[in-house]
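A short write-up of the structure that comes next.
Derivation of every value follows stated rules applied to the coordinates shown; laboratory data play no part. What you see is a predicted model; the values in this text were computed from it and never measured. Cβ atoms come from the backbone with ideal geometry, glycine included; neighbour counts cover every protein chain shown.
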Amino acid sequence: MITLRYFASLRETLGRSSESLDIFEPHTILSIWQLANPDLALPENTLTAVNMDYVPRTHLVHDGDEVAFFPPVTGG
Amino acid sequence: MITLRYFASLRETLGRSSESLDIFEPHTILSIWQLANPDLALPENTLTAVNMDYVPRTHLVHDGDEVAFFPPVTGG
Amino acid sequence: MTVKICEMAFEPFVEIQNFQNQLALEGKFGATSIFIGTMRDFNEGDDVKAMTLEHYDGMTQKQLIKIIATAKAKWQILECLIVHRVGDILPNEPIVLVSVWSAHRGEAFDACRYLMEELKANAPFWKLEKLATNETRWVSKI
Amino acid sequence: MTVKICEMAFEPFVEIQNFQNQLALEGKFGATSIFIGTMRDFNEGDDVKAMTLEHYDGMTQKQLIKIIATAKAKWQILECLIVHRVGDILPNEPIVLVSVWSAHRGEAFDACRYLMEELKANAPFWKLEKLATNETRWVSKI
């Protein structure tokens, strides 16, 4: 099982902040998005993290990972 | 009459912090130094100010001016 | 090297003073460079009356610690403190504090600026502004 | 825009907080960049136990005001405060404080650093160090 998390405007767009997904083999970040959100293309400027580190969309996600999707950050 | 002021290590070398000098025509800074300190060449790295603004050694000093000589500054 | 995430308003000068008091670096630091970001009551031409700062708890801390480690590898830093506010914020309240202690000023200045720029680029915070008109909008990257 | 020369030890964070409290800039500043220079107990490989800071009273203030005017012409600064200590100083005591308030961080950072570098280059202060050996020496320009 992997955990998906969504933040800020993306969380609002999707109407949820987290969910779980069972995967039976490694998937890329992009493939995980498509499994979880089949009706919405991953927005171009979305940042992606696995286990709280930034990763590219081609990164392979394994069982147990926490995968996060969020818009550009605006702290400080 | 002009006022001469000396600071920091230059003040210590000369053994005085200020003095007065009567001048009857404009003199350059360098000429003022030579009038006041005939036995000592103006040290190369000395900074010079007239009325609390930095000026070059060729600057003309007039009656009533305050002329200062000091080593490189080390504040902050 | 300390990272704090605050859900309530904080007093930046009290934070710095308290942190400095327990450092045991008396006589060792010659330079302290500090940046404080404060909420304005205007942004991009509009009046703003409040803001909510969302963050990715856990990733925020992990990214800030990583940024500090990179700064320590680049400059001789004795200590640093980062405090960042989250939750509901009003104009004139501090949002972020970055403070760096070092022996010499060049390193303190450079490291403080680096930490602040990296924080803005990489730490997962998002600002939701509430305008004077009561509309809300997510701040977008400048 | 305030310049203060202090003959007694000062508390930098109290100075900044008090100055900021009377600014009437609530909601207008988004960025504060601060530098504090503190006396170390070592310099150029030697232990230092005290220092005397001499200055050219009057010219100091005139030069600092001139430096601030130049910074104001270069960057959009809302306010700035410069405090500099003179007289007898002990390790761990603050020597100089420069603080700049502006709407945006780039200007605050740039102006604060500029003020500090110009102060070091042009303000007529001289440091006389007293070493652990009781020798005294004038600090020379690095």
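Computed values, structure above
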{"item": "Exam field: B:Leu14 pseudo-label spacings to other copies (7 Å along Cα-Cβ), nanometres", "result": "7.6"}
{"item": "Residues C:Glu11 and C:Thr52, FRET efficiency given R0 of 25 Å [Cβ-Cβ distance, rounded to 0.05]", "result": "0.75"}
{"item": "Cα→Cβ-extended label distance, 7 Å offset, between C:Asn134 and A:Leu35, nm", "result": "4.4 nm"}
{"item": "Anisotropy class of the stretch B:2-70 from Cα gyration tensor, a/c 1.5 cut", "result": "rounded"}
{"item": "Rounded to 10°, Cα long-axis angle of helix D:105-122 versus longest principal axis of chain D", "result": "40 degrees"}
{"item": "Closest-to-axis residue of chain A (Cβ criterion, axis taking A to B), whole Å", "result": "A:Gly76, 14"}
{"item": "Relative contact order (%) - criterion: Cα under 8 Å, at least six apart; region: chain A", "result": "43 percent"}
{"item": "Estimated dipole of the stretch D:21-100 in Debye, rounded to 20 [Cβ of Lys and Arg +1, of Asp and Glu -1, Cα centre]", "result": "560 debye"}
{"item": "Principal-axis tilt of helix D:12-21 within chain D, Cα atoms, nearest 10 degrees", "result": "20 degrees"}
{"item": "Filter on C:Lys130/D:Lys28; C:Lys62/C:Lys120; C:Lys4/C:Lys28; D:Lys4/D:Lys28; D:Lys4/D:Lys66 - keep pairs with C-alpha separation over 20 Å", "result": "C:Lys4/C:Lys28; D:Lys4/D:Lys28"}
{"item": "Which of B:Thr3, B:Leu60, D:Met59, positive extreme of dipole for the protein assembly as shown (C-beta unit charges)", "result": "B:Leu60"}
{"item": "Label distances, nm, C:Gln17 versus same residue in remaining copies, Cβ-directed 7 Å point", "result": "0.4"}
{"item": "Neighbour-count order for C:Met59, D:Met116, A:Met52, fewest beta carbons within 10 angstrom listed first", "result": "A:Met52, C:Met59, D:Met116"}
{"item": "Considering only chain A, percent of DSSP beta bridges that pair antiparallel, nearest 5", "result": "75 percent"}
{"item": "Shortest-first distances to equivalent copies, position C:Gly106, nm, label 7 Å out along Cβ", "result": "2.5"}
{"item": "Per-residue HN-Hα couplings for the stretch A:54-62 [Karplus 6.51, -1.76, 1.60; θ = phi - 60°; Hz; x = Gly/Pro]", "result": "4, 9, x, 5, 8, 4, 8, 9, 10"}
{"item": "Loop-located chymotrypsin sites (Phe, Trp or Tyr not before Pro) in chain B, at most 13 other Cβ atoms within 10 Å (DSSP)", "result": "B:Phe24"}
{"item": "Low-density loop cleavage sites - GluC sites (Glu not before Pro) in the stretch D:1-62, where at most 11 other Cβ are within 10 Å (DSSP)", "result": "D:Glu7, D:Glu44"}
{"item": "Average Cα contact separation per residue, chain C, under 8 Å, 6 or more apart, as relative contact order %", "result": "36 percent"}
